[in-house]
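Have a look at the structure below before the remarks.
The values are calculated or read from the model by the stated rules, or taken from the named source; none is laboratory data. Keep in mind that what you see is a predicted model, and the values were worked out from it rather than measured. Note that we place each Cβ from the backbone using ideal geometry, even for glycine, and neighbour counts take in every protein chain shown.
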Amino acid sequence: MSQPLHLPDAVVERHPMRLLVVDDDDVDRERICRVLAKSSVRCTVTESTTLESARILLAQDEYDCVFLDYHLGSNIGTELLHEIKAGLISYVPVIMVTGSDNERLVVQAMQEGAHDFISKTHLKVGLVETTLLNSRLRVNLERELKSKRERLEYLSFYDILTGLPNRALFFDRAEQALLAAARGSQRFAIMQIDLDLFKNVNDSFGHGAGDMVLAAVAQRIQAVLRSTDTVARLGGDEFAVVLSEASNAEVVLRVAEKITQEIRLPISIGEHILVIEGSIGIALYPSHGDSVQTLLLKADWAMYAAKHGASLYLMYADGMESMRQRPASESNRLRQALDHQELFVEYQPILDLRNQCVTGVEALVRWRTPEGEVVPPSLFIPLAERSPLIHRLTYWVLGKALDQVQLWCSQDLILPVSVNISARMLDDLTLAPRMLQALESRSLATSLLTLELTETALMSNVERAQKILGELRAAGVRISIDDFGAGFTSFKYLRQMDVSEIKVDMAFTGDLAQGSRDSVIVRSIAQIANGFGITAVAEGIENLEDAAKLLALGCHSGQGYGIARPMLGECIAKWVAQWNLEHA
């Protein structure tokens with residue numbers, strides 16, 4: 001006797017299932033319908049005697065399942081399976097029915113795509129009911145998986161905040177425009193757009209306001225362009241445009257003027273009215289280059305010249321690259337800061353939100369001038385990344401962090417440390433051996449070090465990242481992707497590189513109200529990450545209430561001012577002891 005089924009909520013039908021029974025034998029068909037009528041599954045049944053009539057019915061209406069006879073006169077039921085598999089007929093689960101107990105037929109039908117197989121000699125209510133509901137469960141799971149795959153695909157090529165193409169899709173569209181222009185001896189333009197003083201919006205009104213500004217700017221740029229053009233968010237407050245079929249420079253400049261006018265329109269953020277300006281740099285194909293990389297670089301130089309000049313937009317001209325050389329004196333100042341020990345490292349604790357245990361710290365470099373002024377990392381880190389100093393700075397931070405871990409270990413405090421790595425460090429082929437040597441020279445286990453890279457760094461050179469990170473990962477060093485969700489990383493690459501954790505960008509941890517956009521995004525990222533065995537770490541936790549919400553959404557770890565602000569290494573041991581005492 002069949003056991004009653006206890007089905008998940010997703011399978012419980014709120015409306016009768018619509019079934020199609022296809023069998024050319026009147027007695028067998030009526031028997032199947034009779035068994036279905038006796039089952040506890042609510043259903044309506046439509047009957048068909050031929051494959052041709054079944055095709056018509058499936059084209060005219062939607063069905064939840066088909067009971068299909070294997071032998072239909074001169075036809076074989078698997079013909080319908082072929083047509084469903086080929087997309088000639090809308091997808092519908094099929095349960096094959098036959099009067100034969102031939103195992104070969106069963107295997108063949110399942111290989112062709114049948115969900116299940118029932119022998120007419122075993123046509124019982126319990127079996128039919130179980131088979132039908134199991135099929136329905138499988139369909140629901142397949143649909144859910146398809147939805148998640150589509151979501152992953154979207155995350156790989158689109159920016160979640162603005163809905164615009166991301167850097168990866170931008171380069172793809174730009175390459176297509178270049179090929180089309182080359183074939184037709186046409187012109188096209190690339191624009192780089194950077195919002196002026198955007199950091200002040202985040203600092204003064206919060207990241208939520210900044211997100212609203214970015215979304216509004218994205219819509220305004222998009223409204224100016226044609227459907228054949230592309231606007232993408234490259235990251236942060238940087239946008240780029242592919243202007244296809246740009247007949248001449250005057251047309252492109254008029255578009256740039258229109259974009260700057262639209263960006264300058266007031267934006268209402270709560271009780272505040274903000275006026276934002278953007279600087280635009282323009283490069284033309286083929287006048288300014290014959291590759292996307294060259295055009296984007298020259299557009300960037302032109303944008304920099306516009307930002308530091310009197311115009312909001314400029315076409316690239318020879319000599320603009322020299323504008324980028326001005327930060328040289330600033331680089332010298334940073335070099336002196338390294339020489340004179342003006343830099344120091346602070347550490348921010350990371351928690352396992354499930355048991356409130358401190359699982360590690362993130363090393364954060366700081367700069368205090370002799371006059372006592374603290375230079376924000378947002379100013380000197382980008383400066384270092386644009387110069388060879390990033391290599392020296394990275395290894396300096398690594399050495400300081402590992403020295404601190406070694407000291408903690410001598411005090412019986414085992415705390416792994418995360419160290420941030422720039423994309424430029426992936427150009428250093430000695431990176432892996434130098435890091436492993438740094439661990440070995442201090443007699444530290446490789447598991448005590450985590451390397452954090454942004455999504456942009458990971459994707460800037462996928463092959464080299466796989467090689468270097470693969471070597472480190474094989475040795476036991478953990479790999480973390482910082483600001484996840486703000487870039488264009490595909491989960492495919494996370495799995496290929498054996499990433500240990502992702503840090504959910506703090507842009508998504510601001511509004512955690514039930515059903516909010518941020519909470520839905522965080523839950524989706526966390527669910528998929530956890531499914532791949534990747535730890536989801538929430539950044540920017542402002543209070544313990546948010547920590548509890550993030551845990552409920554699937555983030556098992558977290559850090560932020562609501563847990564602890566960054567502190568000097570000598571303060572960590574005392575803080576950990578106090579935290580453990582309060583949360584024992």
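For the stretch 61-152, which strands (runs of 3 or more DSSP E) that fit wholly inside it have 1 or more residues that are without any contact (Cβ under 8 Å) to a residue 40 or more places away in the chain and out of contact with any Pro (no Cβ under 7 Å at 6 or more places or on another chain)?
By residue number, 94-98, 116-119.
Looking at this structure, is Ala256 under 22 Å from Ala177 (Cβ atoms) and among the small types (Gly, Ala, Ser)?
Considered against the rule, which asks whether it is under 22 Å from Ala177 (Cβ atoms) and among the small types (Gly, Ala, Ser), Ala256 comes out as yes.
Looking at Glu30, Glu129, can you tell me which residue is among the acidic types (Asp, Glu) and within 24 Å of Glu142 (Cβ to Cβ)?
Result of the check over Glu30, Glu129: Glu129.
Residue by residue through the stretch 408-426, note down the ones that are surrounded by 14 or more Cβ atoms within 10 Å (Cβ to Cβ) and in a helix (DSSP H, G or I).
Trp408, Cys409, Ala423, Arg424, Met425, Leu426
For the stretch 22-60, what are the residues that are assigned to a loop (DSSP other than H, G, I, E, B), free of Cβ contacts under 8 Å to residues at least 60 places away in the same chain and surrounded by fewer than 13 Cβ atoms within 10 Å (Cβ to Cβ)?
Scanning the stretch 22-60 gives a single hit, Arg42.
Taking the stretch 223-265 as the region of interest, how many residues are outside any strand (DSSP E or B), within 15 Å of Ala299 (Cβ to Cβ) and of a type in the set (A, V, I, L, M, F, W, C)?
Going through the stretch 223-265 one residue at a time, the tally reaches 7.
Please specify each residue of the stretch 104-133 satisfying the condition of being surrounded by fewer than 16 Cβ atoms within 10 Å (Cβ to Cβ), within 12 Å of Thr78 (Cβ to Cβ) and among the polar types (S, T, N, Q).
Gln111
Yes or no: Leu152 touching a Leu at 6+ places or on another chain (Cβ under 8 Å) and not assigned by TED's automatic domain parsing to the domain that holds Gly531?
no
Would you check which residues across the stretch 506-547 are of a type in the set (Asp, Glu) and in contact with a helix residue (DSSP H, G or I) (Cβ under 7 Å, 6 or more places away or on another chain) and list them?
Asp511, Asp518, Glu539 - these are the residues of the stretch 506-547 that are of a type in the set (Asp, Glu) and in contact with a helix residue (DSSP H, G or I) (Cβ under 7 Å, 6 or more places away or on another chain).
Return the total of residues in the stretch 163-182 being within 16 Å of Tyr285 (Cα to Cα) and in contact with a helix residue (DSSP H, G or I) (Cβ under 7 Å, 6 or more places away or on another chain).
4
Matching residues to (1) hydroxyl-bearing (Ser, Thr, Tyr); (2) touching a helix residue (DSSP H, G or I) at 6+ places or on another chain (Cβ under 6 Å); (3) touching a residue at least 60 places away in the same chain (Cβ under 8 Å); (4) not assigned by TED's automatic domain parsing to the domain that holds Asp518:
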site	(1), (2), (3), (4)
Val213	no, yes, yes, yes
Arg254	no, no, no, yes
Glu271	no, no, no, yes
Gly281	no, yes, yes, yes
Leu296	no, no, yes, yes
Ala306	no, no, no, yes
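Just one of (1) over 20 Å from Glu142 (Cβ atoms); (2) modelled with pLDDT under 90 trips up Val45, so point out which.
Failed condition: (2).
What residue, among those in the stretch 382-399 that are touching a strand residue (DSSP E or B) at 6+ places or on another chain (Cβ under 8 Å) and buried (at least 18 other Cβ atoms within 10 Å of the Cβ), is farthest from Asn332 (Cα to Cα)?
Leu398
Quick one: in the stretch 475-515, which of the residues that are among the hydroxyl-bearing types (Ser, Thr, Tyr) and at pLDDT 75 or above is nearest to Leu458 (Cα to Cα)?
Going through the qualifying residues, I end up with Ser480.
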